[in-house]
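A.B. asks: Dumping the structure here so I can ask a few things about it.
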Amino acid sequence: MTRRPDQSTVVANVRRRVTGAIAMALSAPVALAGCGVPGSGDAMVVEEVNHGDDSGDSGNITSPPSPTTDAVTTVENFLRAAPGDPNSRDERLDRFVDEAGEWSEPAAGIQIVRLSHIPELSGTDALTEVSVTATGSVIGVYGQHGQVVRSAGGTEYEVEFLLRRDTPDTRWKLVDPPSQVTMDDKAFSSNYKAQPLYFPARGDSGVLVPDLRWVPNFQNDSGTKYAQLADWLLQGPSDWISTTVSSAFPAGMVRRSSVTVDGDEVSIDLSTENVTGKADQYRTMSAQLAWSLGLKEDDHLSLFIDGQDRLSEKVSTWSGRSRAPVNDEPLVDRELVYYISDGKVQSADETAPFAGEHADGLRDAVLEPRGRRMAAVINDGSDAALLVGTPGELEQVEGFKAGSLEDPQWLDRERLLVLADGRPTVVTIDTGAASTITATTLGDSPRQFALAPDARRLAYVSDGHAFVVPVVHTDDDRTPISFGEPRRVGTNISAVVDVGWSQETQLLIVGEVPGAQEWLWKAFIDNATEDKMDGTAGSAITKADGLVVRCHPPKMPGTVGQPVVVEITGSILRVYVDQVKQIFVTGKDGDETEAVGYDPFVLG
């Protein structure tokens, strides 16, 4: 059965704790022998959790998570039982209790918690009764419309689970566990896949902006999955991104029937029965559907409104609606890595278009999306200025200077966003006109700006943490943009140095996590998942001073954009999936030397 969560059973307070750790402490009055739970000694590393075998050893997941003869494993399995078909959710949870539990309503969502990889086991335990205390942090709640939203109850998680069994050789069962359905972040990442919905940018319907959602892996049928995504899309954008996007679908529009899939032909019929406004933006509607459903370029999408065929086009028609990188450039161009040394642009490829560009005080270069022009900062010792142009034709932006300039970013073809004297400033390239943007919501001394490809979301660093904030474009020349609500990304990551967009909805973050040696992390901007980049352990390679990454094309396989380039104490290195390698430059004499410089940059 289901009921509303009893919050008194979950200790979740608002004291923010930067930790991804969980301690599971076993305590009971009588010693237990032979059940795989040490009574004392060093902390034990828990590897892959067993979901069905009584021994508690790791194994393949062939059935829903189940209780075992190991108390800690039983609790861990319980926290991994919620994902899956929602119609059988309660049945999976009931496996862990003697009588049918009273679980929270599906509308309350599933709470996601980040647990420890190294539980601390202490105290003694009983033959038939034991308690396991789980502590960690609440990431958010996976709820309606596929969103992971911040929990209203705080970020600290602490629950004491009581377990009992009839005899020492039978499985443990939970006694009155919390009613709020909860899963750990590993269960979430294993059972759900990121699938952004796409909404047109306010003021420019030709640019689609992703709004992160998650679809369950069990939805294998294309028609069912497309119908779910379409329903979420018709409900509109999430509150967080709504300030900078709109939707071609008016309020009240719903699906009229199921989504039809016939080979590469996809058809959807929408109803305007409850719509009061106009529903005639068929091209933008089709673009939103094509991108949100994740259709292939060769698929054919037919849009019906109230049974009438309004638009039928190949999905490739809408490819240009996203400003994210595409892989139509030659591989050699996509792999280009630039950096600056003594005011000169260098590259491992001496034929690279911008290699050799030089200016006194040259720093902080960034390529325009598709790489046609470069913007950079120059500082002559007194004032800083901007250079913009194509290879061999860089020109100073006339009429604009500042005491200091950092982090130029391309808002569009005509304007740059830059930190001028520590304040976000929009500069018009042709005229040098500048508008300082109010940024009180961005925190103390925001820096390391990195615009998403759509230029409607900005990642940055403030006070040693990574953040992302919506960027609202306006028609006001005095205030051409404003900022929405900042969201911290990588809540377990501190001492952040730099950030970059690895995917449209995922950041790479140079920072530190308690108990981990790695210094490069990937985290989705809703904090649903957070994972290390193998090969960046601090004991082997010093933490990076700077980072640049080419955003991964959204319709290409893979999870991390490439190339990923870092600067470490003046050396330029490339980060691969599991290793970090020095970049070498071949000189005219054929000798290879290490790439040494600063401010690396890559194709946009």
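A.B. asks: Say a paramagnetic label sat at a point 7 Å from the Cα of Glu105, along Cα to Cβ; which residues of segment 133-147 have their backbone N under 16 Å from it?
C.D. replies: 143-145, by backbone N distance to the label point.
A.B. asks: Between segment 467-520 and segment 161-179, how far is it from one alpha carbon centroid to the other, in angstrom?
C.D. replies: Cα centroid of segment 467-520 versus Cα centroid of segment 161-179: 43 Å apart.
A.B. asks: Let me ask something else about it. Multiplying the sequence separation of Glu414 and Glu158 by 0.36 nm and subtracting their Cα-Cα distance, what value in nm do you get?
C.D. replies: Extra length from Glu414 to Glu158 when fully extended: 87.0 nm.
A.B. asks: What lysines sit close enough to Lys296 to cross-link, taking a C-alpha to C-alpha distance under 22 Å and skipping anything fewer than 8 places away on the same chain?
C.D. replies: Within the straight-line limit of under 22 Å, Lys296 reaches these lysines: Lys193, Lys225, Lys314, Lys555.
A.B. asks: Let me make sure I get this right: for segment 70-178, a, b and c are the square roots of the gyration tensor eigenvalues over alpha carbons, sorted descending. Under 1.5 in a/c it's rounded, otherwise prolate if a/b > b/c, else oblate. Which is it?
C.D. replies: It comes out oblate by the Cα gyration axes.
A.B. asks: So between Thr441 and Ile568, what do we pick up on full extension, going 0.36 nm a residue minus the alpha carbon distance?
C.D. replies: Working: separation 127, 0.36 × 127 = 45.72 nm, distance 3.10 nm.
Using 0.36 nm per residue and subtracting the Cα-Cα distance, I get 42.6 nm.
A.B. asks: Reachable aspartates and glutamates from Lys522, Cα under 16 Å, same-chain residues fewer than 8 places away excluded?
C.D. replies: Answer for Lys522, where 16 Å is the Cα cut-off: Asp185, Asp498, Glu504, Glu512, Glu530, Asp531, Asp534, Asp578, listed by chain and number.
A.B. asks: Residue farthest toward the positive end of the dipole of segment 237-347, with Cβ of Lys/Arg at +1 and Asp/Glu at -1: which of Ile268, Val245, Met285?
C.D. replies: It is Val245, whose Cα lies furthest towards the positive end.
A.B. asks: Arrange the peptides 286-297, 408-419 so that the one whose residues have, on average, the most other Cβ atoms within 10 Å appears first.
C.D. replies: Per-residue Cβ counts within 10 Å, averaged per peptide and sorted highest first, yield 286-297, 408-419.
A.B. asks: If you find the alpha carbon centre of segment 410-454 and of segment 230-287, how far apart are they in angstrom?
C.D. replies: Using only Cα atoms to place each centre, the spacing works out to 33 Å.
A.B. asks: To check my understanding: the extent here is largest minus smallest coordinate of the Cα atoms along each principal axis. What are those three numbers for segment 299-406, in Å, largest first?
C.D. replies: 68, 33, 20
A.B. asks: Under a plain spin-label model, where a point goes 7 Å from the Cα along Cα-to-Cβ, how far apart in nm are Lys555 and Asp98?
C.D. replies: That separation, rounded to one decimal, is 5.8 nm.
A.B. asks: Note the per residue figure in Å³ for the convex hull of the C-alpha positions in segment 223-290. Mind showing how you got there, number by number?
C.D. replies: Values: hull volume 6.5 nm³, N = 68.
In segment 223-290, the Cα convex hull volume per residue is 95 Å³.
A.B. asks: Please calculate the 1.4 Å probe accessible area of His145, with all protein chains present, and give it to the nearest 10 Å².
C.D. replies: It works out to around 60 Å².
A.B. asks: Still on this structure, I have one more. What is the Cα convex hull volume of segment 470-604 when expressed per residue in Å³?
C.D. replies: So the per-residue hull volume is 164 Å³.
A.B. asks: Along each of its three principal axes, how wide is the spread of alpha-carbon positions in segment 335-376, in whole angstrom units, largest first?
C.D. replies: On the principal axes, segment 335-376 reaches 26, 20, 11 Å in Cα extent.
A.B. asks: What full-extension length gain, to one decimal in nm, is calculated for Ser316 and Asp169 as 0.36 nm per residue of separation minus the Cα-Cα distance? Mind dumping the intermediate values first?
C.D. replies: Values: separation 147, 0.36 × 147 = 52.92 nm, distance 6.02 nm.
Separation in residues times 0.36 nm, less the Cα-Cα distance, equals 46.9 nm.
A.B. asks: Ranking request for peptides 423-435, 493-505: highest mean number of other beta-carbon atoms within 10 Å first, then the rest in descending order.
C.D. replies: Peptide ranking by packing, descending: 493-505, 423-435.
A.B. asks: Another question, if that's okay. Roughly speaking, what is the centre-to-centre gap between segment 182-217 and segment 342-369 when only Cα atoms are used, to the nearest Å?
C.D. replies: 36 Å
A.B. asks: Label segment 356-430 by shape, choosing from rounded, prolate and oblate, from the square roots a ≥ b ≥ c of the eigenvalues of the Cα gyration tensor; if a/c is under 1.5 it is rounded, and otherwise prolate applies when a/b is larger than b/c, oblate when it is not.
C.D. replies: Judged from the Cα gyration tensor, segment 356-430 comes out oblate (a/c at least 1.5, b/c at or above a/b).
A.B. asks: Go from 0 up to the bin containing the longest alpha carbon distance in the chain, width 20 Å each, and give me the % of pairs per bin.
C.D. replies: Per 20 Å bin, starting at 0, the Cα pair percentages come out as 18, 47, 30, 5, 0.
A.B. asks: If you don't mind, there's one more thing I want to ask. Taking the Cα centre of the chain as the origin, how large is its charge dipole in debye, to the nearest 20, when only Lys and Arg (+1) and Asp and Glu (-1) carry charge on their Cβ atoms?
C.D. replies: Working: 53 positive and 90 negative charges, 226 e Å.
Once rounded to the nearest 20, the dipole reads 1080 debye.
A.B. asks: When a/c is below 1.5 the answer is rounded, else prolate if a/b is larger than b/c, else oblate, so apply that to segment 492-540 with a ≥ b ≥ c taken from the square roots of the Cα gyration tensor eigenvalues. Numbers along the way, then the final one.
C.D. replies: Values: a/c = 1.85, a/b = 1.69, b/c = 1.10.
Note, shape of segment 492-540 comes out prolate.
A.B. asks: Now a separate question. How far apart, in nanometres, would the label points at Asp531 and Thr479 be if each is projected 7 angstrom from Cα along the Cα-to-Cβ direction?
C.D. replies: It works out to 4.1 nm between the two label points.
A.B. asks: For the pair His358 and Asp578, what calculated FRET efficiency results from E = 1/(1 + (r/R0)^6), where r is the Cβ-Cβ distance and R0 = 51 Å, to the nearest 0.05? Working shown, then result.
C.D. replies: On the way: r = 36 Å, r/R0 = 0.71.
Efficiency computed from Cβ-Cβ geometry: 0.90.
A.B. asks: Right, another one. Using only DSSP helix segments of four residues or longer, with each worth -39500 (n - 2.57), what per-residue ellipticity at 222 nm results for the chain after dividing by its residue count and rounding to 500?
C.D. replies: -2000 deg cm²/dmol
A.B. asks: Still on this structure, please answer the following. For segment 184-252, what is the accessible area per residue in Å², given a 1.4 Å probe and the full set of protein chains?
C.D. replies: 35 Å²
A.B. asks: Leaving out ligands, DNA and RNA, and with a 1.4 Å probe, what % of the accessible surface on the chain is carbon or sulfur?
C.D. replies: 45 percent
A.B. asks: How high is the relative contact order of the chain? Use alpha-carbon pairs under 8 Å, at least six apart in sequence, and give a whole percent.
C.D. replies: Across the chain, relative contact order equals 10 percent.
The values are calculated or read from the model by the stated rules, or taken from the named source; none is laboratory data. A quick note: this is a predicted structure, and the numbers were derived from the prediction, not measured. Note: ideal-geometry Cβ built from the backbone for every residue, glycine included; neighbour counts use all protein chains shown. Protein only, heavy atoms only, side chains kept; ligands, DNA and RNA dropped before computing areas. Shrake-Rupley method; radii C 1.70, N 1.55, O 1.52, S 1.80 Å.
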